[in-house]
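The values are calculated or read from the model by the stated rules, or taken from the named source; none is laboratory data. Treat the numbers as computed from the prediction; the structure is a model and nothing was measured. For the accessible areas, the whole protein counts, side chains as well, though only heavy atoms, and no ligand, DNA or RNA atoms are used. Shrake-Rupley method; radii C 1.70, N 1.55, O 1.52, S 1.80 Å.
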Amino acid sequence: MKPLLLGLATALALVACATTTSPTGRRQSVGAVSQEQLNQMGAQAFVDAKSKGKLSADARQNGYVRCVVDSVTRQLPAGWQAQWDVAVFVDSSPNAFALPGGKVGVNTGIFTVAKNQDQLAAVIAHEIGHVVSRHHDERITRQITAQTGLSIAGALLGSRYGEGAANATNQFGGAAVQGLFLLPGSRTQETEADVVGQQLMAQAGFDPQQAVNLWQNMIAASSSGSRPPQWLSTHPDPQSRIQELRARAGGLMPAYQQARAAGRTPKCG
């Protein structure tokens, strides 16, 4: 009876979710929150980031990033092309992010690895790729599903075997969900954002081959010297990533050349 109740309760928890198709054709579960809620969450996270970080007052840096963002977002599907807000943070870590609701943040440290506008476009298009692929929605839906399932399992086991069993279920079940359910999704999303981002940058008139150079620069700048096994990482292995980016770049050169022929020749810096 308990397995039946668990399955029924989990199914009820998933009623609000929907199965859709990502830009690469991958099936994904989304819809735990509405797009309006996602946009509000993105806007609030952006406000929080700006309140906690130091914003760059360098007009050249801000104009440079704005130019790349505008060039990339003009190639987005209808409904995603509204003006995107941009913030440049004075931070030495080479990071960037994009959020639902049209928000992009870039650390000044990214300029140490993104040596030209094409490499910066690779970073920004990748981050925007997460947004248009609805990865934030997918992550939230997965988190809610996982937490709901564990709560139900813990409650059912607790009613039969006591509070200790419920606590153990939540503790070890959480580790299992993190390792076998949530992390693999992150790796899939990173690869998908690479695919979508490299397509976007080519369509915007940025050289897709420069995504390879960007990651070569990332590796050269890394000081860690070691990485966790690929299956236990939220990001693809850098060398595997470079191989995939290089393989895709050749197929994207016609789109890049067509963009240039059509007058999409960004001159951002």
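Can you give me the long-range amide H partners of Phe89? Hydrogens built in the peptide plane at 1.01 Å from N, cutoff under 5 Å, separation of 5 or more residues or another chain.
Ser56, Val106, Asn107, Thr108
Leaving out ligands, DNA and RNA, and with a 1.4 Å probe, what % of the accessible surface on the range 87-127 is carbon or sulfur?
Details: 580 of 1150 Å².
C and S fraction of accessible area: 50 percent.
Carbon and sulfur atoms: what percent of the 1.4 Å accessible area of the range 28-86 do they account for? Intermediate values should be presented prior to the final figure.
On the way: 1710 of 3360 Å².
Whole-percent figure for carbon plus sulfur exposure: 51.
Got a sec to turn the phi values of the range 99-104 into Karplus ³J(HN,Hα) couplings, 6.51 cos²θ - 1.76 cosθ + 1.60 with θ = phi - 60°, whole Hz, x for Gly and Pro?
Karplus values, whole Hz, x for Gly and Pro: 10, x, x, x, 10, 10.
Could you let me know the centre-to-centre spacing of the range 248-266 and the range 104-140, using Cα atoms, in angstrom?
If you average the Cα positions of each part, the centres end up 20 Å apart.
Taking every DSSP beta bridge with both residues inside the range 82-127, roughly what % is antiparallel (nearest 5)?
On the way: 4 of 9 bridges.
DSSP beta bridges in the range 82-127 are roughly 45 percent antiparallel.
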